[in-house]
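Below is one structure, written out as structure tokens, with a few remarks after it.
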Amino acid sequence: TREQVAALQRLVPLRREDAIADICCGMGRHLLPLLAEGYQLVGLDFSPMMLRLAQEGWTAGCKARGEEARTGRPALRLVQGAAQALPFADRAFDVVLNLFNSFGYLPTDGENQQVLSEAARCLKPGGRFFLDTRNSTHQILYAPYREVVRVGRRHEYVMRCTYDRQSRRLDSHWYDAHDQTRRVHHASIRLYGLEELTAMLEAAGFEVVAQYGAYDGHDFEGWERELLLLCHRRS
């Protein structure tokens with residue numbers, strides 16, 4: 001996380017005066033370190049549980065740094081909402097971030113397209129959109145089609161992945177390792193290739209200005225696990 005946060009500051013790049021939105025911020029893995037460094041961010045997520053964890057993480061971090069009484073640092077702002085219907089005004093932000101492979105989980109292509117259109121709507125002309133997603137080719141070839149996952153000392157799960165060529169969706173099914181008839185979690189993501197994503201971003205009003213294969217900033221070549229796209233909103 002530390003390396004990714006440093007890379008975001010360099011690749012986007014981020015400025016202290018920027019108004020930044022972290023869309024699908026989860027428990028604040030990137031949001032909280034950036035906020036602690038003085039950037040002005042608002043985090044949005046659909047999950048109240050994730051937002052509660054972000055708030056708890058921020059409070060614990062402030063106490064650990066002895067900052068509970070300090071003033072002048074940007075405040076933590078969290079919003080519960082949907083990425084395909086952002087509760088923000090037009091042209092509210094200089095930067096919108098969508099990180100940690102959180103794009104593509106909505107049921108239809110139209111809804112996923114709306115996420116990009118909403119990001120564009122909320123950006124100022126020339127504003128920057130940074131999308132961190134997965135390289136679909138790598139994901140299809142190397143998805144864990146069966147993997148045992150241990151959580152803590154007591155819990156063990158079996159994860160199985162299946163890819164549907166017609167829908168282009170990768171489904172992940174988590175089962176109790178001791179009773180594999182009991183599914184405890186399911187996730188489904190639409191995998192988009194670079195050409196598809198570029199077309200969707202352009203339709204939303206973006207120009208793709210850089211394609212990275214990792215947070216070290218090397219150009220995307222097609223073999224990498226990650227696909228990072230830096231886009232500017234057209235005027």
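Determine, at each q value in 0.10, 0.24 (inverse angstroms), the log₁₀ of I(q)/I(0) that the Debye formula gives when each Cα of the range 157-235 is one equal point scatterer. The calculated log intensity ratios at q = 0.10, 0.24 Å⁻¹ are -0.39, -1.07.
Applying the criteria of a DSSP loop state and at most 14 other Cβ atoms within 10 Å to the GluC sites (Glu not before Pro) of the range 1-51 yields E17, E37. For the range 82-178, the residue among H155, A92, L131 whose Cα projects farthest onto the positive side of the dipole built from Cβ charges is H155. As a calculated quantity, the FRET efficiency between A64 and H178 at R0 = 25 Å, using C-beta atoms, amounts to about 0.10. Calculated accessible area for the chain comes out at 53 Å² per residue, all protein chains present (probe 1.4 Å; ligands, DNA, RNA ignored).
Calculated from DSSP H runs of 4 or more alone, at -39500 (n - 2.57) each and per residue, what is the 222 nm mean residue ellipticity of the chain, nearest 500? Could you put the intermediate results ahead of the total?
Details: 6 runs with 65 residues, N = 235.
After summing the helix terms and dividing by the residues of the chain, the value is -8500 deg cm²/dmol.
The dipole here belongs to the range 169-235: it is taken about the Cα centre, uses +1 on the Cβ of Lys and Arg and -1 on the Cβ of Asp and Glu, and is about 380 debye. All C-alpha pair distances within the chain, sorted into 10 Å bins from zero, spread as 7, 29, 35, 21, 7, 0 percent across the bins. In this simple spin-label approximation, T162 and A214 carry label points 7 Å from Cα along the Cα→Cβ vector, and these lie 3.4 nm apart. For the range 1-67, the set of trypsin sites (Lys or Arg not before Pro) satisfying both a DSSP loop assignment and a count of at most 15 other C-beta atoms within 10 Å is given as R15, R16.
If we sort 127-139, 197-209, 161-173 on the protection proxy, mean other Cβ atoms within 10 Å, highest first, what's the order? Working shown, then result.
On the way: 127-139: 21.2, 197-209: 17.1, 161-173: 13.9.
In decreasing order of mean packing, 127-139, 197-209, 161-173 become 127-139, 197-209, 161-173.
Once the chain from R16 to A89 is taken as fully extended at 0.36 nm per residue, the excess over their C-alpha distance is 24.2 nm.
Mean separation of Cα pairs under 8 Å and 6+ residues apart, divided by the residue count of the chain: what relative contact order is that in percent? Before the final figure, lay out the partial values.
Details: 454 pairs, mean separation 41.2, N = 235.
Rounded, it is 18 percent for the chain.
Using 0.36 nm times the number of residues separating R2 and E111, minus their current alpha carbon distance, what extension gain do you get?
36.1 nm
Distance between the modelled labels on H155 and R52, one decimal in nanometres: 1.5 nm (7 Å Cα→Cβ projection).
Could you give the dipole magnitude of the chain about its Cα centre, charging the beta-carbon of Lys and Arg +1 and that of Asp and Glu -1, in debye to the nearest 20? Walk me through the numbers before you get to the answer.
On the way: 30 positive and 30 negative charges, 132 e Å.
Charge dipole, the chain, about its Cα centre: 640 debye, nearest 20.
Net charge in the neighbourhood of E207 (other residues with Cβ under 10 Å of its Cβ; Lys, Arg +1, Asp, Glu -1) is +1.
The values are calculated or read from the model by the stated rules, or taken from the named source; none is laboratory data. Values in this document were obtained by computation on a predicted structure and should not be read as measured data. Glycine also receives a Cβ, built like all others from the backbone with ideal geometry; neighbour counts cover every protein chain displayed. Each accessible area value is taken on the protein alone, full model and side chains, heavy atoms only, with ligands, DNA and RNA left out. Shrake-Rupley method; radii C 1.70, N 1.55, O 1.52, S 1.80 Å.
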